[in-house]
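All remarks here apply to the structure that follows.
The values are calculated or read from the model by the stated rules, or taken from the named source; none is laboratory data. Computed from a predicted structure; not experimentally measured. Because the Cβ atoms are built from the backbone with ideal geometry, glycine has one as well, and the counts that use them run over all protein chains shown. SASA here: full protein model, heavy atoms, side chains in, ligands and nucleic acids out. Shrake-Rupley method; radii C 1.70, N 1.55, O 1.52, S 1.80 Å.
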Amino acid sequence: MDKYLLRNTAIDLLLRIEQDNGYSHLLISHEMKSKHIAPKDEGLLTEIVYGTTARKITLDYYINNFISQKKKLKPWVHTLLRMSVYQMIYLDKVPDHAIIHEAVEIAKQRGHKGIASLVNAVLRSIQRSGVPDTNTITDDVKRLSVETSHPEWLIKRWMSHYGYETTREMCLANLHHKPISIRIQPMKITREQAIDILRKEGYEVSESMFSPQGIIIEKGNILKSSLFNEGIVTIQDQSSMLVGEMISVKPGQTVLDACSAPGGKATHIAEKMEDKGVIYAHDLHEKKIKLIQNKAKELNITIINAKAWDARKLQECYEPNTFDRILVDAPCSGLGVMRGKPDIKYNKKESDIEKLAEIQQHILANVSPLLKIGGLLLYSTCTVDSMENEDVVNKFLKSHKNFEIDKHFFSELPNELRHSLGVSEYGLQLFPQTFQTDGFFLTRLKRIK
């Protein structure tokens, strides 16, 4: 077996993330399942790939200080340098001399002696003199971009929405892992029982304030727990759990989840309904419907009826005034989930946000007639962009006078959230730094006539 397998695998994954716009979390998950990497090395591989991706702009700034701008590096050489510098600066698991030695050997394997000499020279120079000081960058946007590895267009955009300090805190938070959270299946176990079992199994856990079903895993791999493997708990971010809480369902109701995959919110809503009533769950892609069905099966949920359909065309399936509750967890730019998917920030453009806002408007306009008078519609996204959030809601309300923001939404939020940074007249924007969750927006609309 190749003694440099872990690093070579990391290079291949990083190249696929960058060149093919592959999703980092899916590629890493697939690599783990392929069994090429020993279980003891899985954590280090994940750390190198995520960390190098998350800090790409910073690493390039450092490396460019030691390489002539005229020198055109092959993508794999650039990637090898990035991940080696990442390990030297941000990780303390492997000493610098070992990182440099492995990088040089890989350069010989993949290239030739000249490339190995260049890699050796750059890494040894960084080891000797350290990396350049970003404080010498006078422009605030450029400096924050380099320090936190976020594209300048995104920083400018966020600064115009939220100001410099909130933007800076958000960018810094995006560089660090957030704790994993899980949701109990309340028809199988109580939160107290689950916490007791997990602590006996050696996990460090605490209660989530976002949902009475939520538990935060502070230490331990939840995938190896008995509760996860028996379908008694499911992984879900705390911000997403808030949707199931705030949609305010009751057993026996008829609910529409218009953009449902992979089914975390639909199954949570079903649990709140005590598996009584019916949930019609849709997603655009047939293959994603299987994810919803599998999630329901794992948790022994029976009331979810899942079928592939475009949310913008659901009037073809249902009569007006059919549903007590509607969830529109809209397709969005995903700018709130960078802590788990750091490649998102490099693959998005401002024009993508504008297109998505139009799709979000279209979905709301087309599903809203399906709600009963007096019914509630919950709109949510996993992004931190006001064009996709407050602006979408504002435009919808201006053109749909039969809807209003449900005032009870704000008083029903968990106590700590009622006066948090992101509360506006249109809903709640959660920032990743405030409660160590995904960046997330939600609001609740009521049909009044």
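Below is a table of values for the structure above.
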{"read-out": "First in segment 30-41 and without any contact (Cβ under 8 Å) to a residue 60 or more places away in the chain, second anywhere and assigned to a loop (DSSP other than H, G, I, E, B) and surrounded by 11 or more Cβ atoms within 10 Å (Cβ to Cβ), Cβ under 7 Å, 6 or more apart", "value": "GLU31/ILE37"}
{"read-out": "Residue in segment 370-386 that is nearest to ILE405 (Cα to Cα), counting only those that are in contact (Cβ under 8 Å) with a residue 60 or more places away in the chain, open to solvent by less than 10 Å² (accessible area, probe 1.4 Å) and hydroxyl-bearing (Ser, Thr, Tyr)", "value": "TYR379"}
{"read-out": "ARG128 vs. criteria open to solvent by 40 Å² or more (accessible area, probe 1.4 Å) and of a type in the set (D, E, K, R)", "value": "yes"}
{"read-out": "Count - residues of segment 77-103 that are open to solvent by less than 40 Å² (accessible area, probe 1.4 Å), in a helix (DSSP H, G or I) and over 20 Å from ASN64 (Cβ atoms)", "value": "1"}
{"read-out": "From THR58, THR136, residue being without any contact (Cβ under 8 Å) to a residue 60 or more places away in the chain and not basic (Lys, Arg)", "value": "THR136"}
{"read-out": "Among residues of segment 407-437, those that are open to solvent by 20 Å² or more (accessible area, probe 1.4 Å), in contact with a Ser or Thr (Cβ under 9 Å, 6 or more places away or on another chain) and either in contact (Cβ under 8 Å) with a residue 40 or more places away in the chain or part of a helix (DSSP H, G or I) (or both), counted", "value": "7"}
{"read-out": "Hey, GLU390 acidic (Asp, Glu) and touching a residue at least 12 places away in the same chain (Cβ under 8 Å) or not", "value": "yes"}
{"read-out": "Candidates ILE115, ILE67, filtered to the one that is surrounded by 14 or more Cβ atoms within 10 Å (Cβ to Cβ), of a type in the set (A, V, I, L, M) and closer than 25 Å to HIS150 by Cβ", "value": "ILE67"}
{"read-out": "Within segment 209-227, tally of residues that are of a type in the set (A, V, I, L, M, F, W, C) and modelled with pLDDT under 95", "value": "2"}
{"read-out": "Filter pass, SER181 being open to solvent by less than 60 Å² (accessible area, probe 1.4 Å), of a type in the set (S, T, N, Q) and either modelled with pLDDT under 95 or not in a strand (DSSP E or B) (or both)", "value": "no"}
{"read-out": "Unique match (being buried (at least 19 other Cβ atoms within 10 Å of the Cβ) and touching a strand residue (DSSP E or B) at 6+ places or on another chain (Cβ under 9 Å)) among ILE195, ILE216, ILE155", "value": "ILE216"}
{"read-out": "Hey, LYS188 more than 21 Å from the chain's Cα centre (by Cα), in a loop (DSSP other than H, G, I, E, B) and modelled with pLDDT of 95 or more or not", "value": "yes"}
{"read-out": "Where a residue in segment 315-326 is within 19 Å of LEU378 (Cβ to Cβ) and its partner, wherever it lies, is open to solvent by 50 Å² or more (accessible area, probe 1.4 Å) and in a loop (DSSP other than H, G, I, E, B), with Cβ under 7 Å and at least six apart", "value": "none"}
{"read-out": "Every pair of residues 6+ apart whose Cβ atoms lie under 9 Å, when the first sits in segment 238-255 and is closer than 17 Å to ASP275 by Cβ while the second is among the hydroxyl-bearing types (Ser, Thr, Tyr) and surrounded by fewer than 23 Cβ atoms within 10 Å (Cβ to Cβ)", "value": "THR254/THR322"}
{"read-out": "Any hit, segment 158-172, residues being open to solvent by 50 Å² or more (accessible area, probe 1.4 Å), of a type in the set (Val, Ile, Thr) and farther than 21 Å from TYR346 by Cβ", "value": "no"}
{"read-out": "Positions within segment 263-282 being on the phi > 0 side of the Ramachandran plot and open to solvent by 10 Å² or more (accessible area, probe 1.4 Å), in sequence order", "value": "GLU274, ASP275, GLY277"}
{"read-out": "Unique residue being at pLDDT below 95 and not in a helix (DSSP H, G or I) when the list is GLY374, GLY340", "value": "GLY340"}
{"read-out": "Some residue of segment 344-358 being within 30 Å of ILE184 (Cα to Cα), in a loop (DSSP other than H, G, I, E, B) and open to solvent by less than 50 Å² (accessible area, probe 1.4 Å)", "value": "no"}
{"read-out": "Residue within segment 320-335 that is surrounded by 22 or more Cβ atoms within 10 Å (Cβ to Cβ), touching a helix residue (DSSP H, G or I) at 6+ places or on another chain (Cβ under 9 Å) and in a helix (DSSP H, G or I) present", "value": "no"}
{"read-out": "Condition check for LEU26: assigned to a helix (DSSP H, G or I) and open to solvent by 40 Å² or more (accessible area, probe 1.4 Å)", "value": "yes"}
{"read-out": "Only listed residue being of a type in the set (Asp, Glu) and either under 24 Å from ARG339 (Cβ atoms) or in contact with a strand residue (DSSP E or B) (Cβ under 6 Å, 6 or more places away or on another chain) (or both), chosen from GLU416, GLU412", "value": "GLU416"}
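Yes/no per residue for (1) closer than 15 Å to LEU370 by Cβ; (2) outside any helix (DSSP H, G or I); (3) among the aromatic types (Phe, Trp, Tyr):
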{"position": "THR267", "(1), (2), (3)": "no, no, no"}
{"position": "ALA270", "(1), (2), (3)": "no, no, no"}
{"position": "ILE279", "(1), (2), (3)": "yes, yes, no"}
{"position": "ALA296", "(1), (2), (3)": "no, no, no"}
{"position": "ILE301", "(1), (2), (3)": "no, yes, no"}
{"position": "TYR318", "(1), (2), (3)": "yes, yes, yes"}
